[in-house]
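Taking it in order: structure first as structure tokens, then the write-up.
Computed from the coordinates by the stated procedures, all read-outs in this text should not be read as laboratory data. Computed from a predicted structure; not experimentally measured. Don't worry about glycine lacking a Cβ; one is built from the backbone with ideal geometry, like all the others, and counts go over all protein chains shown.
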């Protein structure tokens, strides 16, 4: 966990089922970075998991997951989910994220430095990997398609990306591509919410 003062929280967002949350904090943020938050705390279902997030351009924080890397992680998980259950709605998420990537301003390479590895043997997972890693950073994802077990749900990562794009577009409203990118990410987030409802049996198949 990242240590932070509650006064440093700049935004709180929750998943569609209201069961998990994301806290965005401005701890250690420097004015010249051009981003309001750096530390992010994600509800794993059993605890809070702290990590760092940056936009991935020259005028942002020097370390942390970039927007493109987070999108890459979600794309990889949803590609595995679509292969496992084509009728479960994962394709809609992938299509929206494809649009988002094409609208992103120039920056680091998509998925640069990201690798994937298996998680622990318990609980069992239908996926070959449940941990995304970039250098010293790691994201332990939920091992299940329903995003109910302990770990970081893809929906939470999409919320982080959406919030980062919101903050970025507020600071640079003249970059129309940011608004287009965020609209696509919001479409992906809505599609992921629907996918979760489908696999939990609360919505008809896609």
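Which percentage, to the nearest 5, of the DSSP beta bridges contained in the chain is antiparallel?
90 percent
Please compute the length gained on full extension between residue 16 and residue 31, using 0.36 nm multiplied by the number of residues separating them and subtracting their Cα-Cα distance.
Gain in length upon complete extension: 2.2 nm.
Helix 154-171 versus the longest principal axis of the chain: what is the Cα-based angle in degrees, 0 to 90, to the nearest 10?
20 degrees
Per residue of the chain, what 222 nm ellipticity follows from adding -39500 (n - 2.57) for every DSSP H run with n ≥ 4, rounded to the nearest 500?
The per-residue figure over the chain is -12000 deg cm²/dmol.
Give me the angle, in degrees from 0 to 90, between the Cα long axis of helix 90-103 and the longest principal axis of the Cα atoms of the chain, rounded to the nearest 10.
Once rounded, one gets 20 degrees.
How do the peptides 34-42, 5-13 rank, highest first, by the average count of neighbouring beta carbon atoms within 10 Å per residue?
Packing order, densest peptide first, comes out as 34-42, 5-13.
Among 26-32, 73-79, how do they line up from the highest to the lowest mean number of other beta-carbon atoms within 10 Å?
73-79, 26-32
If R0 is 41 Å, what FRET efficiency do you get for residue 174 and residue 124 from their C-beta distance, rounded to 0.05?
About 0.25, to the nearest 0.05.
Of all DSSP beta bridges located in segment 1-86, what percent are antiparallel, nearest 5?
90 percent
Using alpha-carbon pairs under 8 Å, 6+ residues apart, how would you state the relative contact order of the chain in percent?
20 percent
Taking only C-alpha pairs under 8 Å that are 6+ residues apart, what is the relative contact order of segment 141-206 in percent?
Relative CO of segment 141-206 lands at 30 percent.
Can you give the angle from 0 to 90° between the axis of helix 67-84 and the longest principal axis of the chain, with both taken from C-alpha atoms, to the nearest 10?
Between helix and principal axis, roughly 10 degrees.
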